[in-house]
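**Student:** Handing you this structure, nothing more for now.
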Amino acid sequence: MRPECRARRSKQEALGAVVLAAALLRGVATPALAAPQEPQNENRQAEATARYRKGRELYTQGEHAAALAEFLASRALHPTWSATSAAALSLKQLRRHDEALDMFEALLRQFGEGLSAERREAAQREIVQLRGLVGTVDIDGAEPGAAITVDGQDRGEFPTLAPLRVAVGAHLVRVLKEGFEPFEQRVDVAGGQTVRVQAKLRALARSGRLRVAETGGRALEVVVDGSVVGKTPWEGRLAVGEHVVSLRGEGDLGTPPLSVPVALDTTTPLTLAAEVLSAGLRVAPEPLSAVVAVDAVSVGRGIWEGRLREGAHRVEVAAPGFVPWVQEVSLGRGERKVLPVSLTRDPSSPFWPKPPRKPRFVVELAQALALVPSFGGDVAGGCTGGCGLGVGTGGTMVLRGGYELGLGLGFGLSLGTLSVTQTVTGRSALARPVGLSGVLGMVDDDLRLQGVVAGAWAGLTLETWLPIHVRLGAGTLLGTMRDARRGTLPEDGDRGAKGFGDLTEVHDARYFYLEPEVRLGLKLGEHVALNAGLGAFVLFAFTRPTWDETHAFDGGEHGYATFDAEALTGQIVVALAPGLGARYDF
């Protein structure tokens, strides 16, 4: 449809509301024009006119719920086209489109002949528009005579003469009959759609009886769990457990809702005193499955509407996965209040499964302290007795990049450096002077392993309030192993010992490594996080770097000497790596 056509249609649809609203604001309650009626009591007509005018004032103030109550009361006292059209408009404002459609149809059916052509056409446009906002619920399979309620409103007994009209959206359908378990189902209805509900009732396996009477002996409707089950005095069989009971009579006569326990195979007597309940409340929760409680009495799930005493009332609404809602509501005499309640999701509730984690690319830079208990081999591993062996210290820096799947599984590549130094002091070492027997000297060794680490990794990220990263890397270390050696050799007589300076050797170092790691993260934003953790480099030597046994040095009176070939590291070297890192995903 072209934009100008849509605009023209919208103006036409709005015309009906404008015309009827104008009638609402100008009109005064006049006798019905559809057919001759018997003379009305003047007092009833006067009260009907007063209520209509009060409703008109409330409507102009935007108090549509209170206005509706006045218009309906006026219509009940003395039906007029103005009260009927005003009630229809109020229902539409309250988005009770099914009831508004019924009221507009009643307007044309009862007063159509007496309406001006302009008003009749406006009402017809409203009906066409509302039919697109109304669907139907067709109930099947229930027990004959079962009471039906939709959103807490009595909709008659099964079987219904026609499918039940409802506004588009979600609704709670409840079917109840004495001797059977209540049936309850949520339905979602689209405009013009008919939703069929199979309301198969199951016979009660555990039940008790409830006997209800009114103190004055008056015959009032008995409402149990939102459904009318009969009139006082009434007795019937109900499921074992708590039930909500109230009485409802003409006008404002009734009783507030009361929670009553029904015991197994026992008759529970209940006598209620009817009173004038001059206020009304309608609670419309979202979601529809929420439980509503009024003054500590749980009145059921979904929309609840009822009469209450004037004054303050405590209203509570709760549903699994949502933050409970509590509010004190003050109701004045004659006031009818609508209370829409939209609950807020509780993000900490296990009721809500977290949305699937989106796949992402990740980049991480980590820096850690490297701690080596011992390089092992013949040097650090041969440090015994009075020999001193310090913990090897150094550092590592690694850049990782990769891709994480939605389940948190990730894989990628890594590139970095590793450097660790360890000092061995006071170690006994055998020097071999050329052509002479060996001499036992004391030496110190400064060992340093450094190189580039390159490899691949795979890991798992667990999304909690502190993200956990578990990872295993593998690759190669390509670098060097240096030994700077100095010490003394004993000499004859009183000359003591002959010292020798630094003897330095640098050898290629090639290792395969495994790198297990666990880290805890702290999110700084949607994509950025800091983390801290503990990892380790477990190095497996391809060939162990070894001291060159042909490396000669000046041994003083012993002449030139050499040391035996000694492995500078063990076959396996372990370096612990506690550190910090920064992570970015995109």
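Bear in mind these aren't lab numbers, they're just calculated from the coordinates by the rules spelled out. Computed from a predicted model, the values in this text were never measured in an experiment. Here the Cβ positions follow ideal geometry from the backbone for every residue, glycine too, while neighbour counts run over all protein chains shown.
**Student:** Would you work out the charge dipole size for the range 210-345 about its Cα centre, treating the Cβ of every Lys and Arg as +1 and the Cβ of every Asp and Glu as -1, and quote it to the nearest 20 debye?
**Tutor:** Rounded to the nearest 20 debye, it is 160 debye.
**Student:** Right, another one. Please list the three semi-axes, largest first and in whole Å, of the ellipsoid equivalent to the range 448-515, using sqrt of 5 times the eigenvalues of its alpha carbon gyration tensor.
**Tutor:** Whole-Å semi-axes of the equivalent ellipsoid: 48, 16, 7.
**Student:** While we're looking at this one, here's another question. Distance between Cα centroids, the range 521-586 to the range 305-329: provide it in whole Å.
**Tutor:** 67
**Student:** Okay, next question. Label GLN185 and GLU275 with points 7 Å out from Cα along Cα→Cβ: what is the distance between them in nm?
**Tutor:** Here the modelled spin labels are 4.1 nm apart.
**Student:** Would you please state the base-10 log of I(q)/I(0) at q = 0.14, 0.18 1/Å for the range 73-202, with intensities from the Debye formula using one equal scatterer on every alpha carbon?
**Tutor:** Debye intensities relative to I(0), on a log10 scale: -0.68, -0.96.
**Student:** Another question, then. With only Lys, Arg, Asp and Glu charged, each at its Cβ (+1 for the first two, -1 for the last two), find how big the charge dipole of the range 259-323 is about the Cα centre; round to the nearest 20 debye.
**Tutor:** 80
**Student:** Filter the GluC sites (Glu not before Pro) in the range 240-286 down to the DSSP loop ones having no more than 12 other Cβ atoms within 10 Å, then list what survives.
**Tutor:** Listed in order of number, the matching sites are GLU250.
**Student:** Something else: Viscosity 1.567 mPa s, temperature 4 °C: give me the Stokes-Einstein translational D for the range 485-586 in µm²/s, with Rh taken as the Kirkwood radius over C-alpha pairs.
**Tutor:** D, rounded to a whole number, is 72 µm²/s.
**Student:** Starting from the Cα of ASP102, step 7 Å along the direction of its Cβ; do the same at ASP265; then give the gap between the two resulting points in nm.
**Tutor:** 4.3
**Student:** Okay, moving on. Taking all pairs of different Cα atoms in the range 135-198, averaging 1/r and flipping that mean, what Kirkwood radius in angstroms comes out?
**Tutor:** It is 11.7 Å.
**Student:** Also, I was wondering about something else. Full extension from VAL518 to VAL506: what is 0.36 nm times the residue separation minus their Cα-Cα distance, to one decimal in nm?
**Tutor:** Residue separation times 0.36 nm, minus the Cα-Cα distance, leaves 0.9 nm.
**Student:** While we're looking at this one, here's another question. Select from the chain the helices, each a whole stretch of DSSP H, whose alpha-carbon atoms run 30 Å or more along the helix axis and whose Kyte-Doolittle mean is at least 0.0; answer none if there are none.
**Tutor:** Those that clear 30 Å and a mean of 0.0 are 3-26.
**Student:** Given 0.36 nm per residue, what is the gain on full extension from TYR403 to ASP446 after removing their alpha carbon distance, in nm?
**Tutor:** 11.4 nm is the gain from fully extending TYR403 to ASP446.
**Student:** What distance in nm separates the two pseudo spin-label positions at GLU118 and LEU413, each 7 Å out from Cα along the beta-carbon direction?
**Tutor:** 8.0
**Student:** Taking 0.36 nm per residue of separation and subtracting the Cα-Cα distance, what length does fully extending ARG206 through VAL323 add?
**Tutor:** So the chain would gain 38.7 nm between ARG206 and VAL323.
**Student:** Using just the C-alpha positions of the range 46-124 as equal point scatterers, what log10 of I(q)/I(0) does the Debye formula give at each q in 0.15, 0.22, 0.25 1/Å?
**Tutor:** -0.46, -0.96, -1.16
**Student:** Just from its helices, what would the mean residue ellipticity at 222 nm be for the chain, if runs of 4 or more DSSP H residues each count -39500 (n - 2.57) and the sum is divided by every residue, rounded to the nearest 500 deg cm²/dmol?
**Tutor:** Per the formula, -5500 deg cm²/dmol.
**Student:** Next question, about the same structure. Normalising by the residue count of the chain, find the relative contact order in percent from Cα pairs under 8 Å and 6+ residues apart.
**Tutor:** Relative CO of the chain lands at 8 percent.
**Student:** If you split all Cα-Cα distances of the range 284-437 into 5 Å bins from zero, what percentages do you get per bin, shortest first?
**Tutor:** Taking all Cα pairs of the range 284-437, the binned fractions are 2, 7, 10, 9, 7, 6, 5, 5, 5, 5, 5, 5, 5, 5, 4, 4, 3, 2, 2, 1, 1, 1, 0, 0, 0 percent.
**Student:** Taking the dipole about the Cα centre of the chain, with the C-beta of Lys and Arg at +1 and of Asp and Glu at -1, give me whichever of PRO359, ALA319, LEU413 is farthest to the positive side.
**Tutor:** The listed residue farthest towards the positive side: ALA319.
**Student:** Compute the FRET efficiency between ASP346 and VAL538 as 1/(1 + (r/R0)^6), taking r as their Cβ-Cβ distance and R0 = 35 Å, and round to the nearest 0.05.
**Tutor:** The computed FRET efficiency comes out at 0.20.
**Student:** Tell me, what is a quarter of the convex hull surface for the C-alpha atoms of the range 357-445, in nm² with one decimal?
**Tutor:** Over every viewing direction, the Cα hull of the range 357-445 projects on average to 8.7 nm².
**Student:** Continuing with the same structure: When the C-alpha atoms of the chain are aligned to their principal axes, what extent does each axis show, in angstrom, from largest down?
**Tutor:** Principal axes ranked by extent give 147, 70, 43 Å for the Cα atoms.
**Student:** Just to check, using Stokes-Einstein with a Kirkwood Rh over alpha carbon pairs, what's the diffusion coefficient of the range 360-585 at 20 °C and 1.002 mPa s in µm²/s?
**Tutor:** 110
**Student:** Which residues make up the longest stretch of the chain that has no trypsin sites (Lys or Arg not before Pro) in a DSSP loop with at most 16 other Cβ atoms within 10 Å?
**Tutor:** Looking at the chain, 358-586 is the longest stretch - no exposed trypsin sites (Lys or Arg not before Pro) with at most 16 other Cβ atoms within 10 Å.
**Student:** Right, another one. Any idea which of THR488, ILE303, HIS64 is furthest toward the positive side of the dipole for the chain, if Lys and Arg beta-carbons carry +1 and Asp and Glu beta-carbons -1?
**Tutor:** HIS64
**Student:** If the limit is 23 Å between Cα atoms, which of LYS177/LYS231; LYS177/LYS200; LYS92/LYS200; LYS54/LYS92; LYS92/LYS337; LYS354/LYS523 go over it?
**Tutor:** Those over the limit are LYS92/LYS200.
**Student:** Which values, in whole Å and largest first, are the semi-axes of the equivalent ellipsoid of the range 206-354 obtained as the square root of 5 times each eigenvalue of the Cα gyration tensor?
**Tutor:** Each semi-axis is √(5λ); the values are 29, 21, 10 Å.
**Student:** In whole Å, what three semi-axes, largest first, describe the equivalent ellipsoid of the range 250-297 built from its Cα gyration tensor (square root of 5 times each eigenvalue)?
**Tutor:** 24, 21, 8
**Student:** So, one more: How large is the dipole of the chain about the Cα centre if only Lys and Arg carry +1 and Asp and Glu carry -1, each at its Cβ, rounded to the nearest 20 debye?
**Tutor:** Taking the Cα centre of the chain as origin, the dipole is about 2640 debye.
**Student:** From zero outward in steps of 10 Å, how is the percent of C-alpha pairs of the range 171-228 spread across the bins?
**Tutor:** Computed distribution, short to long bins: 17, 37, 27, 15, 4.
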